[in-house]
1. Collect the residues in segment 84-99 that are open to solvent by 60 Å² or more (accessible area, probe 1.4 Å) and more than 21 Å from ASN10 (Cα to Cα), keeping them in residue-number order.
2. On the given criteria, is SER81 part of a loop (DSSP other than H, G, I, E, B), open to solvent by less than 60 Å² (accessible area, probe 1.4 Å) and modelled with pLDDT under 95?
3. Need pairs with beta-carbon distance below 7 Å; first residue of a type in the set (D, E, K, R) and within segment 64-87, second in a loop (DSSP other than H, G, I, E, B) and open to solvent by less than 70 Å² (accessible area, probe 1.4 Å); sequence gap 6+ or separate chains.
4. Which condition from (1) open to solvent by 20 Å² or more (accessible area, probe 1.4 Å); (2) touching a helix residue (DSSP H, G or I) at 6+ places or on another chain (Cβ under 8 Å); (3) closer than 21 Å to SER138 by Cβ is the one that VAL68 breaks?
5. Out of ILE74, ILE54, ILE43, which single residue is within 29 Å of PRO199 (Cβ to Cβ) and surrounded by 20 or more Cβ atoms within 10 Å (Cβ to Cβ)?
6. Of all residues in segment 100-133, which are more than 23 Å from HIS50 (Cβ to Cβ), open to solvent by less than 40 Å² (accessible area, probe 1.4 Å) and under 16 Å from the mean Cα position of the chain (by Cα)?
Amino acid sequence: LHEDLHYWKNHEEIPGDGMDNDNNGYIDDYDGWNAQTGNGTIISSSHGTHVAGIAGAIGNNGKGVAGVNWNVQIMPVQGNSGTEAIAVAGYSYILEMRAKYNETDGTSGAFVVATNSSWGIDFALPANFPIWAAMYDSMGYYGILSAAATNNSSNVNVDVQGDMPTACPSDYLISVTNTNNNDLRTAAYGLTTIDLGAP
């Protein structure tokens, strides 16, 4: 946990009791979900914390940095893996919580509006990961927009060489490359696959 982030909590779940209190199919998911270990134990990740801070570090509090959105809750979901089943399990948790929110008019689940994937598989083709690639349309149907960071190598054309997930064709996925302080691209590119550059 980080003092400059406002973490989402599943208040319908009783942490550590070994039960699925809210009947969402996940046991002890009070803090979120770890798709790698198949439980609600979130493991500290410096990269994940850094990226979450860019998105939503609390502003005007005299601590750390200020995120793009000062008043947002971060739902920790760990699923960064080259294994399709793990990636899908992580996204499935997010989808389940938003679907539950929609179905109950906001009394259960979570109002997830966006996901971020600053991880993936370099040179991978979406056709080889069809379920993972389809998750972006499935989440989009429920109102979730996703963002993903592409390959860190500046000489890679994702249109030709592939990348997972930034080569996925979903209208609900924003594929992002990196730019430096001179607004020059420093990561992979693709006229069709990469949507924008950001520092």
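1. Step one: list which residues in segment 84-99 are open to solvent by 60 Å² or more (accessible area, probe 1.4 Å), which gives 85, 96.
If the condition is that a residue be open to solvent by 60 Å² or more (accessible area, probe 1.4 Å) and more than 21 Å from ASN10 (Cα to Cα), then ALA85 is the only one that fits.
2. Values: part of a loop (DSSP other than H, G, I, E, B): yes; open to solvent by less than 60 Å² (accessible area, probe 1.4 Å): yes; modelled with pLDDT under 95: yes.
For SER81, the condition - part of a loop (DSSP other than H, G, I, E, B), open to solvent by less than 60 Å² (accessible area, probe 1.4 Å) and modelled with pLDDT under 95 - is met.
3. Close Cβ pairs satisfying both conditions: GLU84/PHE129.
4. With (1) open to solvent by 20 Å² or more (accessible area, probe 1.4 Å); (2) touching a helix residue (DSSP H, G or I) at 6+ places or on another chain (Cβ under 8 Å); (3) closer than 21 Å to SER138 by Cβ applied to VAL68, the lone miss is (3).
5. Details: ILE54 fails: surrounded by 20 or more Cβ atoms within 10 Å (Cβ to Cβ); ILE43 fails: surrounded by 20 or more Cβ atoms within 10 Å (Cβ to Cβ).
It is ILE74.
6. Step one: of segment 100-133, the residues more than 23 Å from HIS50 (Cβ to Cβ) are 100-109, 111, 123-133.
If we keep only those that are open to solvent by less than 40 Å² (accessible area, probe 1.4 Å) too, we end up with 100, 106, 108-109, 124, 126, 129, 132-133.
The answer is TRP132, ALA133.
Every residue, every condition in (1) more than 15 Å from TYR30 (Cα to Cα); (2) among the charged types (D, E, K, R), yes or no:
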position	(1), (2)
TRP70	yes, no
SER81	yes, no
GLU84	yes, yes
ILE94	no, no
ALA110	no, no
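The values are calculated or read from the model by the stated rules, or taken from the named source; none is laboratory data. Since the model is a prediction, treat every value here as computed from it, not as a measurement. Cβ atoms come from the backbone with ideal geometry, glycine included; neighbour counts cover every protein chain shown. With ligands, DNA and RNA removed, areas are computed over all heavy atoms of the protein, side chains included. Shrake-Rupley method; radii C 1.70, N 1.55, O 1.52, S 1.80 Å.
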